[in-house]
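Asker: First, the structure itself, so that you have it in front of you.
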Amino acid sequence: MLRRFLSRLVILALLGNAVAAAPAAADSSLAQALSDQLIPSANHALKSALRDRHVAQASTTAEEPEKHAPVGLPTGWSYSVDLSSAWALGNTGASRNLPGGIDAVFGYGFNPHLRLQAGYYDLQEYPIGFNTGTVPLYVQGVANPIGSIDLSQAHTNAATKSKFTILLAEDLVRIGKLPLVITPTYFSRTASIAGASDVETVELNGRAQQVQLRTAQVQGLAVTMPFLSTPKMFGTITAEPLWLVNRNGANQTNKAQMLEILYLEYRPSEHTTLFIQPSHVPNYLPIDAYPQHLNAVFYGISQRITRNTFVQLVIETGAPSNVTPYGISSVTCQQLAPCSPTPTIAGLHAAQIRLKFGIGTPTVIPL
């Protein structure tokens, strides 16, 4: 078992090197946090509901009406805790090692149809465009650039650890024979950059402003439904309108933005799961006047070591569809001398490979 798992790790690592040669991925922390919490729990409920229906149909005869207790969301207490390490992919111009993290999820199911869950996630990334390339240098109030800045000489440490607190309630419902999971969600995101606060002075709307680059609160209502269920494969679609709890910084609007997640897994054995998850993710941070729309793909492998322990390797890649260039697009001096430089930050991109080791109740582990 271990030999097969290690061989698959080698294959995924080679895929990761291929990804690193391409443009780096979008800032995908929100999608990754959703992937770790919302999707696995909803998928478990849908698998149970579909299995319940198949068993009930198999046991029904003309003389014996269908009698089978409904199965759905896990009841009682469940938990999952993991430690993770990550390595940056793509041309970051800096060290590829990222700070480690810890994830913890706790849930309680009142019955097979209603469940509450809370999770905390550390997600590491290194955005592209902060340590490579040359950008124009401006003086406040002057239209044309007075020179240029070589970002590779700035020695900026942009290693970011995003911290998510996610609260959700899950309700399993059926429309005819089709099971659905409806999930009201709340996300609170903070971050540390280079091990310190995410408060930075940047150029927004023509003037220098101090903002929290990676802090936001988001709420939404997700609906997850299955589209494939076989002994070896399982797939779901999730759609969720998201909107900010409150606007900050450069934010101009607060209309609902649609998050879309397609999840597909293949189980070659009882203990191993291969998965791919294309996602369309709205990302709306204080440095954004309007939401970024990220096209991200997560793919990887999960391996059960024992009943309550697991290891998971995930590669995260993608790109935003509506914001360019990547990272710092220009630098502005508030006055010519002395210069107090403030960057203008455009699209936030990062790609990484993440390795997790965890313990917990199997129902909440993303397998």
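Asker: Residue under question is D82, and the condition is that it be among the charged types (D, E, K, R), in a strand (DSSP E or B) and closer than 19 Å to T183 by Cβ; does it hold?
Answerer: It is false that D82 is among the charged types (D, E, K, R), in a strand (DSSP E or B) and closer than 19 Å to T183 by Cβ.
Asker: Identify all residues within region 258-268 that are of a type in the set (D, E, K, R), open to solvent by 40 Å² or more (accessible area, probe 1.4 Å) and assigned to a strand (DSSP E or B); write none if there are none. Let's see the steps before the verdict.
Answerer: First, pick out the residues of region 258-268 that are of a type in the set (D, E, K, R): 260, 265, 267.
If we keep only those that are open to solvent by 40 Å² or more (accessible area, probe 1.4 Å) as well, we get 260, 267.
Scanning region 258-268 gives a single hit, E260.
Asker: Tell me, which residue of region 68-89 that is more than 19 Å from A118 (Cβ to Cβ) and free of Cβ contacts under 8 Å to residues at least 40 places away in the same chain is surrounded by the most Cβ atoms within 10 Å (Cβ to Cβ)?
Answerer: That would be H68.
Asker: Go through the residues of region 329-345 one by one and say whether even a single one is of a type in the set (A, V, I, L, M), surrounded by fewer than 20 Cβ atoms within 10 Å (Cβ to Cβ) and at pLDDT below 90.
Answerer: Within region 329-345, one or more residues are of a type in the set (A, V, I, L, M), surrounded by fewer than 20 Cβ atoms within 10 Å (Cβ to Cβ) and at pLDDT below 90.
Asker: Okay, next question. Please name all residue pairs, on different chains or six or more residues apart, with Cβ atoms under 8 Å, provided the first residue is in region 224-236 and is without any contact (Cβ under 8 Å) to a residue 12 or more places away in the chain and the second residue is of a type in the set (V, I, T).
Answerer: Listed by first residue and then by second, the contacts come to F227/T236; F227/I237.
Asker: Does region 294-312 hold any residues that are of a type in the set (A, V, I, L, M) and closer than 19 Å to L34 by Cβ, and which are they?
Answerer: L294, A296, V297
Asker: Are there any strands (runs of 3 or more DSSP E) wholly within region 90-186 with 3 or more residues that are over 30 Å from T317 (Cβ atoms) and touching a residue at least 12 places away in the same chain (Cβ under 8 Å), and if so which?
Answerer: So the answer is 101-111, 114-125, 134-139, 160-175.
Asker: If I ask for residues that are part of a strand (DSSP E or B), small (G, A, S) and touching a Ser or Thr at 6+ places or on another chain (Cβ under 9 Å), which ones from region 301-345 would you list?
Answerer: If the condition is that a residue be part of a strand (DSSP E or B), small (G, A, S) and touching a Ser or Thr at 6+ places or on another chain (Cβ under 9 Å), then S302, G318, S329, S330 are the ones that fit.
Asker: Within region 144-192, which residues are of a type in the set (A, V, I, L, M, F, W, C), closer than 16 Å to E240 by Cβ and open to solvent by 60 Å² or more (accessible area, probe 1.4 Å)?
Answerer: Matches in region 144-192: L167 only.
Asker: Of the residues that make up region 269-284, is at least one crowded, with 20+ Cβ neighbours inside 10 Å, touching a residue at least 24 places away in the same chain (Cβ under 8 Å) and not in a strand (DSSP E or B)?
Answerer: Keep residues of region 269-284 that are crowded, with 20+ Cβ neighbours inside 10 Å, which gives 273, 275, 277, 279, 281-284.
Among the residues that remain, those that are also touching a residue at least 24 places away in the same chain (Cβ under 8 Å) are: 273, 275, 277, 279, 281-284.
Right, trim to not in a strand (DSSP E or B) and you get 284.
Within region 269-284 (the criterion being crowded, with 20+ Cβ neighbours inside 10 Å, touching a residue at least 24 places away in the same chain (Cβ under 8 Å) and not in a strand (DSSP E or B)), the answer is yes, since at least one residue qualifies.
Asker: Next question. Would you pick out the residues in region 292-319 that are over 14 Å from the mean Cα position of the chain (by Cα) and crowded, with 23+ Cβ neighbours inside 10 Å?
Answerer: If the condition is that a residue be over 14 Å from the mean Cα position of the chain (by Cα) and crowded, with 23+ Cβ neighbours inside 10 Å, then S302, F310 are the ones that fit.
Asker: Only one of L264, L336, L244 is aliphatic (A, V, I, L, M) and in contact (Cβ under 8 Å) with a residue 60 or more places away in the chain. Can you tell me which?
Answerer: L336
Asker: While we're looking at this one, here's another question. Condition first: part of a strand (DSSP E or B), closer than 29 Å to F130 by Cα and of a type in the set (D, E, K, R). Can you find one or more residues in region 237-255 that meet it? Let's see the steps before the verdict.
Answerer: Within region 237-255, the subset part of a strand (DSSP E or B) is 237-244.
Filter again for closer than 29 Å to F130 by Cα, leaving 242-244.
Adding the requirement that they be of a type in the set (D, E, K, R) leaves none.
Within region 237-255 (the criterion being part of a strand (DSSP E or B), closer than 29 Å to F130 by Cα and of a type in the set (D, E, K, R)), the answer is no, since none of the residues qualifies.
Asker: Name, by its number, the condition in (1) at pLDDT 80 or above; (2) more than 29 Å from P291 (Cα to Cα); (3) assigned to a helix (DSSP H, G or I) that does not hold for I39.
Answerer: (2)
The values are calculated or read from the model by the stated rules, or taken from the named source; none is laboratory data. Every value quoted in this text rests on a predicted model; they were computed, and no experiment measured them. Positions of Cβ are backbone-derived with ideal geometry, glycine not excepted, and every protein chain shown enters the neighbour counts. Heads up: the accessible areas ignore ligands, DNA and RNA and are worked out on the full protein's heavy atoms, side chains in. Shrake-Rupley method; radii C 1.70, N 1.55, O 1.52, S 1.80 Å.
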